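Input: a single structure, listed below in structure tokens.
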Amino acid sequence: MKQLLALLLLAGALPATAQIDPVLLRRVPRDTSRLQLNMDAVYNRPFVQPGRLPVALGGYVEANYQYAATDGVSEGHQFQMRRLTLFVSSSIAKRIRFLTEIEFEDGTKEINIEFASVDVEFSPLLNVRGGVVMNPIGAFNQNHDGPKWEFVDRPLSATQLLPATWSNVGAGLYGKKFGATWVVAYEAYLTNGFDDQIISNTQNRTYLPASKLNPDRFEESFNGVPLFTGKAALRHRRVGEVGVSYMGGVYNKFEDDGLRLDRRRGLQVWAVDLTSTVPKTRTVLTGEWAWVRVNIPDAYSPQYGQRQAGGFVDLVQPVMRGTIFGFDRAVLNAALRLEYVDWNRDRFAETGGLIGDETLAVVSAVSWRPTAQTVIRLNYRRQWARDFLGNPPARTAAVQLGFSTYF
Amino acid sequence: MKFDSHMSKPSMRLSGLAAVWLLLASCELIFPQAPADDAVLDGPVAGLTPEQHAQFLRGDVAFNDGVFTSRTGLGPVFVAASCGSCHAGDGKGHPTTTLTRFGQVDSTGNLFLQRGGPQLQHRALPGFQPEQLPAGAAHSRFTPPANTGLGFLDAVPDAALLALADPTDVDGDGISGRPNWISAPGYITARPGTRVQAGRYIGRYGKKAAAYDLLHQTAAAYNQDMGIVSSYEAVDAHSGQLADPEVSNQTVLDVVAYLKMLKAPVQREPNHPDVLTGEQAFLRIGCGKCHTPQLTTGASPIAALAHQTVRPYTDLLLHDMGPGLNDGYTEGTAAPAEWRTPALWGLGLSPNSQGGTYFLLHDGRARSIEDAIRQHGGEGQPSRERFDSLSAEQQRQLVRFLQSL
């Protein structure tokens, strides 16, 4: 907590000095010479560097208005401050750098260190990263900044199936190999992992994000078994990027004080992600699909599924580029998201029928980007959520209008 | 996609787009309508006070969203983790949430109380062993019933039920409803005019009418279905020991109030010709002798429930349903073949909470309304035979009537 305060004070103090003499403010030039992957997203952000200080600052904020109704019942008009995130990065030495990302969610209801790592580069193919890292499962987890997306809500599969933002203390390696028109990359980390809340939570379903509630997870591993997360990605300059990732470990406390409590129970997650731009129309396609497998005790509640799956596809189509309201590089996009999560792909032991517990949503969006770093977006969501028994779905509709911007 | 640097055109297009959006958003079409009152079972009775509404909402949250976990006391042996997981949308349940009761074969009591009886908790937290059905134990399976209109049923005076009863079949119609005389727990509050016979009370909830009131039913459900100890039912189902309460009295009472204040199901298309003809047939062939169409409530602390006439289609009494429905297991003074007449209101909405199909009768064995009728034996046999001898069209109309409930 103390460190956090110190960081915040630092973050607060620097822009204050900057305000006195804005000339001192220097935008850190972004590395555009090389192909950027989803894994580079943490560093591939607009930073501001005050004067000659070796520290760069950045952040983003997102807020919105929402009117949502489920089966005719609405909570009325809502104004939501979803998150405020601050980044501080620093080049400690030539090939040693540090970056941290601190996020305040829903006002100050949640304060998280999403990322806080030191990276040491030995060669482009071999970097060591340690600290609080973002587990590279899927692409969204690492590339989650609000201003990059045309949608107010994060994808369901990224936040309610996979637990974005999912970061843990640990260390690992990453690297890249470049070709003329392509780059391949890998990442592999060992971190603290999940705990048994994934099968014991008030969602009453297997729910990986429940482990984020464990306040001790940055300090100790729940069961002493590291979680492995690995990813391989390939990017072609014209075609786009595909990634394949895996995360696996043990989630239960099988032993305490040397006494056996249960068998080791594992979880495995696989994900594929895809980002591509259709050159002719400049349509951007982003998608991710994940599969989850959790070892659940036989006699436990069937509400907790052994198998889950879900994902999303986003289509973003720029419909207008140019000067809009005096912003000379503005873009107007139309976008569509299809998303689906099935939290329980098991069958009922009693009837052999398929268990429900699934949600399908379609979100359409119009977004206006006066600059690349700011997005003002209008979303309309339709969602159908089936309960565990597969009863007729609860129908939700929502209109959201909000902005998200780097600062 | 030609670059357009002219100011006014894009801004016009932009505001045009925004205008269309806002127009659509303000349009009713954009937001799914609330289902009609007759299409859902949940929702409060009309005429509640603001204070009662507040308690209804608290109870609703505890009933539907109050999911227990190992951290909040679930189990260690249990059947499900929330009321709502068995009573989805306050409707009937699914085989996956079916309870197994065992051990009692006659009115002398349960022989298996030391071995996990009367209810099987066949699920357990990781690291614990669930209960197994002891070999040779008589048992029966109970599918969750709907929870609607229970406050009205609660407010029907004992005298009205006794007036419907005919234990020795004095009128000779082959139907001899009788109450289940149960020993009620000490924490119940006797309703005005309650009848007591040799220290026993009239049960009215559950498949065999073994629960006196909604507090009895609720406290037992917390304890037996979820392994949640309360100050009412303070003995843990697994250890058999007194345990610290895991749910507050206030929450239990809010849930009880919620159940009481749930509205009665609203009939759909009551004036459709088939529905009207079907209802006449239903009464003519004697279904209404047990599925009593109309009951009148007495006094109630909830004004909206007092002195109301409702149409639940039950007499809340036990009937011998013949060997086909005799599982050899019983509760209270009910014989193994005796079942409490289930209310038929809300019947047509059952598939909306049973995963899209019907699971009827006490254990969900009947997969359609016709199937449920055809399994009536014992006291129900004569009316079942009369149903069989109706023409196909008349049978369809009768079923159409039941679906409208």
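The values are calculated or read from the model by the stated rules, or taken from the named source; none is laboratory data. Bear in mind the structure is a predicted one, so any value in this text is a computation, not a measurement. Counting neighbours? That spans all protein chains shown, and the Cβs are built from the backbone with ideal geometry, glycine included.
The residue of segment A:244-293 that is farthest from A:M39 (Cα to Cα), among those that are in contact (Cβ under 8 Å) with a residue 40 or more places away in the chain and within 11 Å of chain B (Cβ to nearest Cβ), is A:K253.
Beta carbons closer than 7 Å, at least 6 apart along the sequence or on distinct chains, pair a first residue in segment A:143-154 that is closer than 15 Å to A:T85 by Cα with a second that is at pLDDT below 90 and not in a loop (DSSP other than H, G, I, E, B) for A:N143/A:N38.
Out of B:G84, B:G75, report the one residue that is farther than 20 Å from B:A209 by Cα, free of Cβ contacts under 8 Å to residues at least 24 places away in the same chain, out of contact with any Cys (no Cβ under 9 Å at 6 or more places or on another chain) and within 14 Å of chain A (Cβ to nearest Cβ). So the residue among B:G84, B:G75 that is farther than 20 Å from B:A209 by Cα, free of Cβ contacts under 8 Å to residues at least 24 places away in the same chain, out of contact with any Cys (no Cβ under 9 Å at 6 or more places or on another chain) and within 14 Å of chain A (Cβ to nearest Cβ) is B:G84.
Out of curiosity, is B:T100 more than 8 Å from chain A (Cβ to nearest Cβ) and assigned to a loop (DSSP other than H, G, I, E, B)? No, not satisfied.
Before we move on, is A:L378 more than 10 Å from every other protein chain (Cβ to nearest Cβ), modelled with pLDDT of 95 or more and not in a loop (DSSP other than H, G, I, E, B)? Taking the combined requirement at face value, the residue does not satisfy it.
Taking (1) surrounded by 21 or more Cβ atoms within 10 Å (Cβ to Cβ); (2) part of a strand (DSSP E or B) in turn, A:S301 satisfies each apart from (2).
Would it be correct to say that B:N249 is of a type outside the set (D, E, K, R), within 19 Å of B:Y313 (Cβ to Cβ), modelled with pLDDT of 95 or more and surrounded by fewer than 17 Cβ atoms within 10 Å (Cβ to Cβ)? Answer is no for this residue. A single member of A:A361, A:A365, A:A335 is crowded, with 17+ Cβ neighbours inside 10 Å, part of a strand (DSSP E or B), among the aliphatic types (A, V, I, L, M) and within 12 Å of chain B (Cβ to nearest Cβ), and it is A:A365.
Here's the yes/no breakdown for (1) in contact with a helix residue (DSSP H, G or I) (Cβ under 6 Å, 6 or more places away or on another chain); (2) closer than 23 Å to A:F348 by Cα; (3) more than 9 Å from chain A (Cβ to nearest Cβ):
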residue	(1), (2), (3)
B:Q55	yes, no, yes
B:D60	yes, no, yes
B:N64	yes, yes, yes
B:K92	yes, yes, yes
B:P95	no, yes, no
B:G109	no, no, yes
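In this structure, A:R235 does not qualify as within 14 Å of another protein chain (Cβ to nearest Cβ) and buried (at least 18 other Cβ atoms within 10 Å of the Cβ). Out of A:I102, A:I113, I need the residue that is under 13 Å from A:N168 (Cα atoms), in a strand (DSSP E or B) and touching a helix residue (DSSP H, G or I) at 6+ places or on another chain (Cβ under 8 Å). Which one? Answer to the selection: A:I113.
Looking only at segment A:185-195, decide whether some residue is among the hydrophobic types (A, V, I, L, M, F, W, C) and touching a Lys or Arg at 6+ places or on another chain (Cβ under 7 Å).
Yes: segment A:185-195 contains one or more residues that are among the hydrophobic types (A, V, I, L, M, F, W, C) and touching a Lys or Arg at 6+ places or on another chain (Cβ under 7 Å).
Being on the phi < 0 side of the Ramachandran plot, in contact with a Phe, Trp or Tyr (Cβ under 7 Å, 6 or more places away or on another chain), surrounded by fewer than 22 Cβ atoms within 10 Å (Cβ to Cβ) and away from every other protein chain (no Cβ under 14 Å) is a description that applies to B:P336. Number of residues in segment A:381-407 that are facing another protein chain (nearest Cβ under 7 Å), outside any loop (DSSP other than H, G, I, E, B) and aliphatic (A, V, I, L, M) equals 2. Given the condition within 14 Å of chain B (Cβ to nearest Cβ), in contact with a helix residue (DSSP H, G or I) (Cβ under 9 Å, 6 or more places away or on another chain), within 25 Å of A:Q383 (Cβ to Cβ) and polar (S, T, N, Q), answer yes or no: does some residue in segment A:303-319 qualify? Taking every residue of segment A:303-319 in turn, at least one turns out to be within 14 Å of chain B (Cβ to nearest Cβ), in contact with a helix residue (DSSP H, G or I) (Cβ under 9 Å, 6 or more places away or on another chain), within 25 Å of A:Q383 (Cβ to Cβ) and polar (S, T, N, Q). The residues of segment A:156-200 that are among the charged types (D, E, K, R), over 17 Å from the mean Cα position of the chain (by Cα) and surrounded by 18 or more Cβ atoms within 10 Å (Cβ to Cβ), listed by number, are A:K176, A:D195, A:D196. From the list B:H307, B:H319, the lone residue that is of a type outside the set (D, E, K, R), out of contact with any Leu (no Cβ under 9 Å at 6 or more places or on another chain) and outside any loop (DSSP other than H, G, I, E, B) is B:H319.
Checking each residue in segment B:255-301 for being within 29 Å of B:D320 (Cβ to Cβ) and assigned to a loop (DSSP other than H, G, I, E, B) picks out B:A264, B:P265, B:I285, B:G286, B:C290, B:H291, B:T292, B:P293, B:Q294, B:T297, B:G298. Does B:T218 meet the test of being touching a helix residue (DSSP H, G or I) at 6+ places or on another chain (Cβ under 9 Å) and surrounded by fewer than 20 Cβ atoms within 10 Å (Cβ to Cβ)? Here the answer is no, as B:T218 does not meet what is asked.
When A:D119, A:D153 are screened for being buried (at least 19 other Cβ atoms within 10 Å of the Cβ) and outside any loop (DSSP other than H, G, I, E, B), only A:D119 passes.
In segment A:60-82, the residues that are facing another protein chain (nearest Cβ under 8 Å) form Cβ pairs under 9 Å with partners that are surrounded by fewer than 16 Cβ atoms within 10 Å (Cβ to Cβ) and among the acidic types (D, E), at six or more places apart or across chains, as follows: A:Y67/A:E75; A:A69/A:E75.
Out of the residues in segment A:130-150 that are within 12 Å of A:S167 (Cβ to Cβ) and not β-branched (V, I, T), state the one that is surrounded by the fewest Cβ atoms within 10 Å (Cβ to Cβ).
A:G131
When we screen B:L14, B:L23 for residues that are at pLDDT below 65, more than 9 Å from every other protein chain (Cβ to nearest Cβ) and over 30 Å from B:A303 (Cβ atoms), the only hit is B:L23.
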